[in-house]
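What follows is one structure encoded as structure tokens, with my remarks underneath.
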Amino acid sequence: MSNWLRRGWRELLQQQRGVVAVETALAFPILLAAGALVADIVTVELEREHLEQRAGAITSVLAMQKDLTEQGLQGLLDATLPDTGVGEYQLTITNVRQTGNVYWQLNRGNNTTICTDNQTVAGESYPGELPEVDAEKGEENISMIVVELCRRGEDINLLGGLSLTNMLQATAVNRVTRSTVTLDDALAAEAGLEQDDE
């Protein structure tokens with residue numbers, strides 16, 4: 001009787017091991033796919049965080065300036081934006097007076113058609129939302145630097161097949177410490193400023 005029980009117990013254990021092996025084989029691809037999807041989500045969030053950090057750094061530095069030269073702007077962008085791994089991106093830098101009027105706007109990047117919602121010209125009202133704009137009570141000698149950094153999502157390398165077709169966008173705003181930021185001749189011409197406006 002005890003041999004029969006032992007044999008039955010061994011057969012039951014072997015059957016359970018077989019079931020566990022089959023369940024593991026079936027569950028492994030699901031776990032692998034879920035892990036790749038989580039990795040994709042983390043990658044996208046890290047890229048969004050990098051955009052926010054870069055936009056914030058550029059805004060902070062520009063808000064401290066009184067004058068901005070083409071060489072100085074390029075040096076700042078070289079220090080904050082990497083040469084590779086950014087993909088298709090656009091950087092829009094705008095100096096907006098407290099009244100909401102744009103003093104100047106500059107565009108940089110390898111694709112200047114990504115962030116078009118807030119593109120405007122000098123003298124026009126800024127189309128986007130800002131924290132302290134007041135058309136009636138705002139002062140002309142108080143301004144903000146607005147940096148908008150956009151990147152196409154489809155060129156981000158993702159492992160799990162997650163499709164990111166829209167763009168990633170980061171906006172940073174900082175009040176200028178000294179009225180408005182004056183551009184050198186080259187940047188003023190690019191921004192469409194008249195010589196009298198400088």
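The values are calculated or read from the model by the stated rules, or taken from the named source; none is laboratory data. Since the structure is predicted, the reported quantities are computational estimates derived from the model, not experimental observations. Cβ placement follows ideal geometry from the backbone for every residue including glycine, while neighbour counts extend to all protein chains displayed.
Before moving on, here are some points about what is shown:
- Count of the range 67-85 residues which are touching a residue at least 24 places away in the same chain (Cβ under 8 Å) and farther than 22 Å from Glu139 by Cβ: 6
- Number of the condition not met by Ala33 [criteria: (1) more than 23 Å from Gly153 (Cα to Cα); (2) part of a helix (DSSP H, G or I); (3) more than 22 Å from the chain's Cα centre (by Cα); (4) of a type outside the set (Phe, Trp, Tyr)]: (1)
- Consider the range 110-131 and keep the residues that are in contact (Cβ under 8 Å) with a residue 40 or more places away in the chain and surrounded by 12 or more Cβ atoms within 10 Å (Cβ to Cβ). The one that is nearest to Pro82 (Cα to Cα) is Asn111.
- Looking only at the range 100-109, and only at residues there that are surrounded by 20 or more Cβ atoms within 10 Å (Cβ to Cβ) and in contact with a helix residue (DSSP H, G or I) (Cβ under 7 Å, 6 or more places away or on another chain), the one that is nearest to Leu77 (Cα to Cα): Gln105
- Boolean, Glu88 is in contact (Cβ under 8 Å) with a residue 40 or more places away in the chain, surrounded by fewer than 20 Cβ atoms within 10 Å (Cβ to Cβ) and at negative phi: yes
Let's see how each residue does on (1) modelled with pLDDT under 95; (2) touching a helix residue (DSSP H, G or I) at 6+ places or on another chain (Cβ under 7 Å); (3) among the polar types (S, T, N, Q); (4) farther than 30 Å from Val38 by Cβ:
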residue	(1), (2), (3), (4)
Gln98	yes, no, yes, yes
Asn118	yes, no, yes, yes
Val133	yes, no, no, yes
Gly138	yes, no, no, yes
Gly153	yes, no, no, no
Leu162	yes, yes, no, no
Asn166	yes, no, yes, no
Thr180	yes, no, yes, yes
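- Neighbours by Cβ (under 7 Å, 6+ apart or cross-chain): first from the range 37-53, part of a helix (DSSP H, G or I); second of a type in the set (Lys, Arg) and surrounded by 13 or more Cβ atoms within 10 Å (Cβ to Cβ): Leu51/Arg151
- Some residue of the range 101-121 being farther than 28 Å from Asp155 by Cβ and assigned to a loop (DSSP other than H, G, I, E, B): yes
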